[in-house]
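A short worksheet on the structure shown next.
Taken together, the values in this text are just the output of simple stated rules run on the coordinates, not laboratory data. For clarity, every value in this text was computed on a predicted model and none was experimentally measured. Note: ideal-geometry Cβ built from the backbone for every residue, glycine included; neighbour counts use all protein chains shown.
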């Protein structure tokens, strides 16, 4: 089990710590609902230092990224970020990730903690281009400061004008007295805010500075439990639940990050899927019959009781106060208002398919 730099800080704050993706991580502090609503309405801080970071450099850096990712990274300019995925050569997804462009020959890939080794090995195996690769995952810490009061909190700590950083853009600057900090207008909550990357050695200084700056806004530490409910309200996929090595980006509704303007791993296969259609699709649904909360791996059936799929993610939405979920269903039942049933405690409870996100921004 790996430890993040701020482990002792989280324990001192009373966090419930549990293993997650090979790391000892804070799952909750005051409770998932309280933490969730803190982010939706104010500002909260997630320590997501378990995420992986790879630096890809050199004349052929873009060629490698173009080949291993589904999105078109040639569209990026300096300071821009792109959501993408790594196709696995068999029609599935190795991981979803963010691609940061520093400059034309220098990129930064941010990958899921559970897939750091798998992703590194896959990209290395396909690096026939001679791009320079560095795995920085163990050197960096990452705080996600999220919520409508995030910008007011963080602006106190930097001369970088945060309001000028557009969504899915970043700047490198001085923050809380430390140079070379990455300030990224990204997040996994739909509540707005920034993600801040820095060296492990200054992690405690950063944490303390952010909490001091956010004191007037009742800033709180937030665990991974609330991160999951926040992302689900937005219909954001979680690797290992909603997408994995057996699901294609077309089936998962990620056609928008699958660009056929270039040749990449699985491009021909995925192009045929897009043109011919797929037999199953990832959908969002709301429970219309009370009696339980949908959870990962609950069966989905049709009106006749025939098994048609599994719930990939589910929760009681703290914002909507409704039970919501996601799962794969046959394409003919994927349209909004289609009726499906979720098997909860041996009861088949009615649900309806809805457009994502569940919560409008």
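Subtracting the Cα-Cα distance from 0.36 nm times the residue separation, let me have the gained length for residue 167 to residue 1 in nm, one decimal.
So the chain would gain 56.4 nm between residue 167 and residue 1.
Taking the number of Cβ atoms within 10 Å of each Cβ as an exposure proxy, the fewest-first ranking of 74, 137, 267, 163 is 163, 74, 267, 137.
In whole Å, how far is the Cα centre of the stretch 153-179 from that of the stretch 66-81? Cα centroid to Cα centroid, the span is 23 Å.
What is the stretch 191-325 by shape, rounded, prolate or oblate, if you read a ≥ b ≥ c off the alpha carbon gyration tensor as root eigenvalues and call it rounded for a/c under 1.5, prolate for a/b larger than b/c, and oblate otherwise? It comes out oblate by the Cα gyration axes.
Sorted from greatest to least, the principal axis extents spanned by the alpha carbons of the stretch 52-135 come out as 30, 23, 22 Å. Rounded to the nearest 500, the helix-only mean residue ellipticity at 222 nm of the chain stands at -5500 deg cm²/dmol, with each DSSP H run of n ≥ 4 adding -39,500 (n - 2.57). Shape summary of the chain, radius of gyration then Dmax from alpha carbon positions: 20.6, 63 Å.
Taking only the Cα atoms of the stretch 279-354, the ratio Rg/Rh comes out at 0.92, with Rh defined as the Kirkwood radius.
Each residue, residue 159 and residue 337, gets one label point 7 Å from its Cα in the Cβ direction; the gap between the two is 5.8 nm.
Taking only the Cα atoms of the stretch 61-195, the ratio Rg/Rh comes out at 0.98, with Rh defined as the Kirkwood radius. For the residues 251, 195, 166, a GNM of the chain with alpha-carbon springs under 10 Å puts the largest fluctuation on 166. Principal semi-axes of the equivalent ellipsoid, √(5λ) from the alpha carbon gyration tensor of the stretch 1-143, are 31, 16, 14 Å from largest down. One Cα centroid belongs to the stretch 261-327, the other to the stretch 180-255; the line between them spans 22 Å. A crude spin-label estimate for the pair residue 320 and residue 16, with each label 7 Å from Cα along the Cβ direction, gives 2.4 nm.
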